[in-house]
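Visitor: Just passing along the structure, written as structure tokens.
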Amino acid sequence: MSAPLTLDFRDTQIGVTNPNISTKIAEKVMESDQIDMCASFTIAFRDTQISVTHPNVSTEIAQKAMESDPFKRWIKNCEKVIDRKTIILRGVEIQTVDMFGPHKVGFIKVKADAYLVFNGIEVPKAIPGIAFLRGNAVGILVALNCEDGEKYTLLVEQPRIPVGDVTCLELPAGMIDANDDVKGQAVSEMEEECMIKLKKSDLIALTETTMLPSAGGCDEGIDLYYVERKVTVREMEDMQGRLTGNKEQGEHIKLHVVPFNTAWKLSGDAKLLCSMFLYDKVKLSEKSTGGKKGKRIWGRWARHDTL
């Protein structure tokens, strides 16, 4: 029962003894996922290598998570130096990974051993290092100028399990795919959720940098755009209550056409509230510049202050 066994651990071979277990059983144990999940990776972080462990995630899934855009973008952001401040990561633990199908990484939860460095001096106490990585998204505010002289906007209703709301009203939005084509994704989401066909040139940016709705726990950044459209009363009636969404992805979406100026009262959706605020600022800027397109008024300072 004590036949010598070895297994790979990082870049070397280590011995595994089995004094009270048969070699056959020991080999089965060593081939199990539990042994697999004890392994770790190393990744480059600035000029050094740090350990990435995954005690409850298989090596295959952990590797896919590390190769995903949200994880790589998060590591790159952590490497930034701003106003002589930076972050040092001593190690990262991948705690959970939710897959969207067999190949696409969905959500990743990590816990980093992280420290703040200011003016080259490391603060001894670790900073909070738990992060939910889901990647970036895009939101589109639709301004519908109707022939009846009123302005309206579109909200999408769908069930949202995280907030326990079966009729959650939100700004039309979607996650950005790996190619980072933000405007392309916005156009796609408008057609999928609202059945409105747009060109990229129809979209006007409200932000220069991504909005960070929950930077204390989540990496998500949201780019906000708006689009203006003239519509007839008949077109408005056709949109009201329309059922849309990608049923294969479990989406059950219902369109709501609501008065533009009171839409903010109907939902606590951060995308909606921020985009309406920024839209008003852009329109105010256009008035002050004689009708010229206003500049995007949320600039780098938003990202700067967050970091």
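The values are calculated or read from the model by the stated rules, or taken from the named source; none is laboratory data. Being a predicted model, the structure only gives us computed values, none of them experimental. Here Cβ is always computed from backbone atoms with ideal geometry, including for glycine, and neighbour counts include all displayed protein chains. Please note that ligands, DNA and RNA were not included when accessible areas were found on the heavy atoms of the full protein model with its side chains. Shrake-Rupley method; radii C 1.70, N 1.55, O 1.52, S 1.80 Å.
Visitor: Could you point to the residue in SER51, TYR152, MET175 farthest towards the positive end of the chain's charge dipole, with +1 and -1 charges on the Cβ of Lys/Arg and Asp/Glu respectively?
Guide: The residue sitting farthest along the positive end of the dipole is TYR152.
Visitor: Carbon and sulfur atoms: what percent of the 1.4 Å accessible area of segment 28-160 do they account for?
Guide: So the carbon and sulfur contribution to the accessible surface is 54 percent.
Visitor: If you roll a 1.4 Å probe over the heavy atoms of the protein chains, what accessible area per residue do you get for segment 177-298, in Å²?
Guide: Result: 56 Å² per residue.
Visitor: How big is the C-alpha Rg of the chain next to the rule-of-thumb value 2.2 N^0.38 Å, as a ratio?
Guide: Relative to the rule-of-thumb radius for its length, the chain sits at 1.27.
Visitor: Looking only at GluC sites (Glu not before Pro) in DSSP loops with at most 11 other Cβ atoms within 10 Å, what is the longest site-free stretch of the chain?
Guide: Answer from the scan: 68-307.
Visitor: Something else now. Show the residues, 5+ positions off or on another chain, whose built amide H is closer than 5 Å to the amide H of THR244.
Guide: Amide H neighbours of THR244: ILE253, LYS254, LEU255.
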